[in-house]
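Written below as structure tokens is the structure these notes are about.
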Amino acid sequence: MPHSVVSQDSPDLMPDMDATTNEPNPVEGLNRESQESDAVDQDMTMAEAGIEGQDIPAPESTPVVKQEIKLEDLFADYESDEEFPSSHVNAVKDESSPEAPPSPESNGFALGASDQDVMREFYKRLFPWRNLFQWLNHSPTPTNDFGHREFAFTLQNDAYLRYQSFATSDLLRKDVLRLMPSRFEIGPVYSTNPRDRKTLVKSSAFKPIAKELCFDIDLTDYDDIRTCCDKANICIKCWQFITMAVKVVDVALREDFGFKHILWVYSGRRGAHAWVCDKKARQMDDQKRRAIAGYLEVIKGGAQGGKRVNVKRPLHPHVARSLDILKQHFQSDILENQDPWESDEQFDRLLQLLPDKSLNESLRKKWSSVPGRASKSKWADIDALAKTSKGLDTKALLEAKQDVVLEYTYPRLDIEVSKKLNHLLKSPFVVHPKTGRVCVPIDTRKLEAFDPLEVPTVTELLEEIDQWSAPEGDSDGKKLQDWEKTSLRPYIEYFRSFCLSLMKDEKGVSIKRERDVGDAMEF
Amino acid sequence: MIRQEFSRIEPKRKANVDHRKKQFAVPAYKELSYPTRLNFYTVPPTADITLEQFEQWAIDRLRVLAELEACSIRNKTPAETAAHMKPILDKYLPLASSTSSSSAIQAERQKDHYSHFILRLAFASTEDLRRRFSRVETQLFRLRFQGDDVRERQAFVESLNLDWETVGEEEKRLYAAELVAAGGGYPKRLDEESWFKVDWERVPELVESRRVFLKAGKAYVPGREQLSMVVAEFTNRLDKALEMTSRALPRLDEDDRLTPILAHLSQNFTTPDASYNSSSSSLPGADISARNIDALSSSFPLCMQNLHRSLRRDAHLKHFGRLQYGLFLKGIGLSLEESLVFWRTSFNKITDDAFNKEYRYNVRHSYGDVGGDSNRRGNGYTPFSCQKILTERPPGPGDSHGCPYRHFSVDNLTNLLQAVGVKDHKVLQGVKEDKEKQKFHLACNRVFEYAHQQEIKKVRDNGTWGAAQLETIVHPNEYFKRSYLLKNLDKNPAGTETGSRDSDVKMEG
């Protein structure tokens, strides 16, 4: 597959690729929109003609890669499709994918032809379609919140299929199983059904009206300060950056903006996404999204811009609170684990951020004489030496030190994702095509315990189903769903409770409104 | 014999004819009065004016707006803008305060009111025009609001009926520390200031710049930020009204008196920023091709040189870098085919396959070779102006786009300038000062003048280039064009006219 070849040849491209593929509308239209729309049209006409399961013609710019699935395979699916997945599918599994793909643990996991079966099993038996529906629909019965929502599929041949929409989760599931996308993304709710957008008399009648407020934090943005890994690699040490970011952003969204339903999702490789699902958040226009993004943005500018934290004094309550949270992490996660100022070149950067010239000179002297002095000691040296030097502006030094803490810990958000209403973001619970890990929600109550490297991969999950046996004496109990037999269970249960509380809140509002009306009628 | 006369209405019934059936009934509107100097423009004008007035008033207002926009493009400070605008406002759109004894108060306000609505019609048609119109009208409103005297301003704000909840004493004391911190340390004493509590959505700009304290979705706005709240409200309403106007606009299609005037007005709303057009950018005899870019890059402005260096260093550029640089190259006349060759050879660390999949489409899209109808018809995207580069999408980690004069620290900027051959101490010092004063254009033009000092002297001396051709550069492509022409004076002795600058000169008239 060309895709995997690319990634191995030039891993440095990966961050950028992610950025561009997630970007539906970089500058009003430099996107793939029309390429997809062609594909969609083709797709629709074929569906009308009754030829289902044909692969989508690749756009002219990408070489046509024939999908290695036979048409019959797809039709065979339709038979078993109607059943909700349960353990009896084991028989099917035996014939379809007895040998699991080799070691999914490595980054070499890429969806090849044989992995299609793995993905099919995953979508069929493990993906929480019903909960996804509840989450986006906000009501048990299908509404336009779900029906007019855009889904975008990345197909196996890397074609990107936008403006898909489905009335119910079953239809979505069916289409996912037919097209077998390597992943799919969720876009906004439109004013009309995205599939009908070309039939409208006035194109202005088709516009995005609602979407969750989203945040994207990616470890590649920390590359200049993390020392343990770089590019697409992560470890538990640098994951702490994400942990800190989640804490800071989550508390700001809840306390300052009053949002309640915030879903954090592991992005499958080296980052996390937030979905703020409150009704108020969903209906915000671009300006308000920009305002929140700006409110949360503290680290500005590229590496060329010099000092990147410029906050006003006294610190805004949000910054002050964030600093309080981050201080604790700074000692352990930054100074000890990252050791960011070990070499001469590295501590030069620290000195650039400090205001006092003579203090810097003495620090430089001291540190150069003891190469490899730990960052923690260096950090302590600043205060120690500051005490001995006279005429030092202690306030400026303190502020500079605060800025350093912020620069090394404050969340680095990919702000473009949050600013636009019509930005697409990968759906929770899809599988990251490169790592094979499921994009599971992160329970913020147990945030510290979350380890991205322990997130189950697809192949592990499928094995877990196979290895599962009913506990003794419980054989006549209720039949378990497949996902309940796997380590995906806690994640799905968390997601389910999230969706239920969201639905409850939405329902509460509408009932209240009805009662208000009733009262008014009586008088 | 009874003769019936159908055409005649019996005298008794005459008075009872339904008013809708009175074919030529004259609609009677309430006469509008203007109690305050400022106007939110909520009620459209109703009285009759002549066609000449219609056009003249609109043109006068347009002059003011164009001038105002020019101020913002040249990065003038609010104080400079106010000083610059005062004579222009007095001449074209005077608006006296209610306390003045001028007899023309009502007439002035009427003109202000009418001209606003005429321009609304002219600028409602496209998204782009609406945005620009709303932006400059907001600036004008802000300018006037600030210039208003306190009592009148208060009366105006009260007349708006904005529902703002005042923060009580108890709550004020509870959040005292936060309120002061959010206000940047002001006020020193709590009872010097009063706060309003509103939904944060109503003051997005204050939230964005963290100038208010937020608690559970409510923003605590200090009284002195009233301006930005009123302005936000103004913009908000204007945007909505423009949207409505654009929907009603097709009904004007039949009209052959107003439509030409309106079309003419909107066409004339050009600024130096927008005056760049691709037809005037062609350079006869220049070899603009992929393999020649390295040679040409010495004529590029600093932002593009920086992108070019990053591209050569990393064999890659991130998305907005590709966009900014790619469109610039398009603007200097690099054809689509050459552009594809250029990007392919520049990204030499990736496979053909990866290039085709990740980048080819975007390059073609920017040339309008693929994409939706409007993109193809419009030949893709126009090169970014300085204004756009300065104000939109500041570069993040790993990005190389943006304006070095603005987005680089002084040290990095100096290094970069020295690397591209600007070593003169005086020039570097000047650039530093310009940067501190946020005069990024001046810095860029200063470097341009330094790099071309001999050529400029030559064309000045022999008079081949007029003042208009040596005006401040506000577009990267203009920079390149002028630089290229100056460096190749012997090849193009005629000194081809640089850019058509008539349009904005006319507006500034």
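The values are calculated or read from the model by the stated rules, or taken from the named source; none is laboratory data. Nothing here was measured: the structure is a model prediction, and the numbers come from that model. So basically every Cβ, Gly included, is an ideal-geometry build from the backbone, and we count neighbours across all protein chains shown. Heavy atoms of the whole protein, side chains included, go into the accessibility calculation; ligands, DNA and RNA do not. Shrake-Rupley method; radii C 1.70, N 1.55, O 1.52, S 1.80 Å.
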Backbone HN-Hα couplings from phi across region A:326-334 [Karplus 6.51/-1.76/1.60, Hz, Gly and Pro as x]: 6, 3, 4, 6, 4, 4, 7, 6, 9
Along the charge dipole of region A:319-373, which of A:Phe330, A:Pro355, A:Trp367 sits closest to the positive end, that is, farthest toward it, with unit charges on the beta carbon of Lys, Arg, Asp and Glu (+1, +1, -1, -1)? A:Pro355
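In square angstrom and rounded to 100, what buried accessible area do you get between chains B and A, total over both, with the probe at 1.4 Å?
Details: alone 28620 and 24750 Å², together 48530 Å².
Answer for the B-A pair: about 4800 Å² buried.
How would you rank B:344-351, B:330-337, highest first, on the average number of other Cβ atoms within 10 Å across their residues?
Values: B:344-351: 15.9, B:330-337: 18.8.
Highest mean packing first, the order is B:330-337, B:344-351.
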On the full set of protein chains, 1.4 Å probe, figure out the accessible area of A:Trp468 and give it in Å² to the nearest 10. 90 Å²
Distant-in-sequence amide H partners of A:Ala210 (H built 1.01 Å from N, under 5 Å): A:Val189
A:Arg183's amide H: which non-local residues (gap 5+, or another chain) put their own amide H closer than 5 Å, with H modeled 1.01 Å from N in plane and none for Pro or chain starts? A:Thr154
Charges only on Cβ, +1 for Lys and Arg, -1 for Asp and Glu: so what's the dipole of region A:242-355 about the Cα centre, in debye to the nearest 20? 760 debye
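Would you mind giving the mean number of other chain beta-carbons within 10 Å of the Cβ of each residue in A:256-263, as a whole number?
Details: counts 9, 9, 7, 2, 0, 0, 0, 0.
For this peptide, the per-residue mean of nearby foreign Cβ atoms is 3.
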Can you list the residues, at least 5 places off or on another chain, whose amide H is less than 5 Å from the amide H of A:Trp341, using H built in the peptide plane? A:Ser375
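Over region B:117-178, give the accessible area per residue in Å² for a 1.4 Å probe, as an integer.
Values: 3310 Å² over 62 residues.
On a per-residue basis, region B:117-178 sits at 53 Å².
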³J(HN,Hα) computed for each position of region B:114-122 - Karplus, 6.51 cos²θ - 1.76 cosθ + 1.60, integer Hz, glycine/proline x: 5, 5, 4, 6, 5, 5, 4, 4, 5
Could you please state, rounded to a whole Å, how far the C-alpha centre of region B:77-142 is from the C-alpha centre of region A:237-277? 45 Å
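Report in % the part of the accessible area of region A:307-409 that belongs to carbon and sulfur, leaving out ligands and nucleic acids; probe 1.4 Å.
Numbers: 2610 of 5070 Å².
Carbon-and-sulfur percentage of accessible area, whole number: 52.
Using the Cα centre as the reference, give the magnitude of the dipole from point charges on the C-beta atoms of region B:165-230 (Lys, Arg: +1; Asp, Glu: -1; all else neutral), rounded to the nearest 20 debye. Write down the numbers at each step before the final one.
On the way: 11 positive and 13 negative charges, 35 e Å.
Dipole of region B:165-230, to the nearest 20 debye: 180 debye.
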Quick one: Karplus J couplings for region A:143-151, per residue in order, coefficients 6.51, -1.76, 1.60, θ = phi - 60°, nearest Hz, x for Gly and Pro? 10, 5, 3, 8, x, 9, 7, 7, 10
Would you mind calculating the gained length between B:Gln453 and B:Gln429 on full extension (0.36 nm times residue separation, minus the Cα-Cα distance), in nm to one decimal? 6.9 nm
At a 1.4 Å probe radius, which order do B:Thr42, A:Thr192 fall into by accessible area, largest first? B:Thr42, A:Thr192
Average other protein chain Cβ within 10 Å of Cβ, residues B:364-373: 4
Two-site FRET efficiency, B:Gln469 against B:Ala104, from Cβ-Cβ distance with R₀ of 51 Å, rounded to 0.05: 0.75
Return one number: the angle in degrees, 0 to 90 and rounded to the nearest 10, between the long axis of the Cα atoms of helix B:410-419 and the longest principal axis of the Cα atoms of chain B. 50 degrees
Förster radius 30 Å - calculated FRET efficiency between B:Gln418 and A:Lys300, Cβ distance, rounded to 0.05: 0.75
In chain B, what percent of the accessible surface is made up of carbon and sulfur (1.4 Å probe, ligands and nucleic acids excluded)? 50 percent
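Quick one: which of B:114-123, A:202-211 comes out on top by average Cβ neighbours within 10 Å, and what's the full order, highest first?
On the way: B:114-123: 22.4, A:202-211: 15.5.
Top to bottom by mean Cβ count within 10 Å: B:114-123, A:202-211.
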Return the lysines within reach of B:Lys432: Cα separation strictly under 26 angstrom, same-chain partners fewer than 8 residues apart disregarded; answer none if there are no such residues. A:Lys300, A:Lys307, A:Lys312, A:Lys357, B:Lys76, B:Lys388, B:Lys423, B:Lys457, B:Lys481
Enter the accessible area per residue of region A:307-409 (Å², integer; probe 1.4 Å; all protein chains in place). 49 Å²
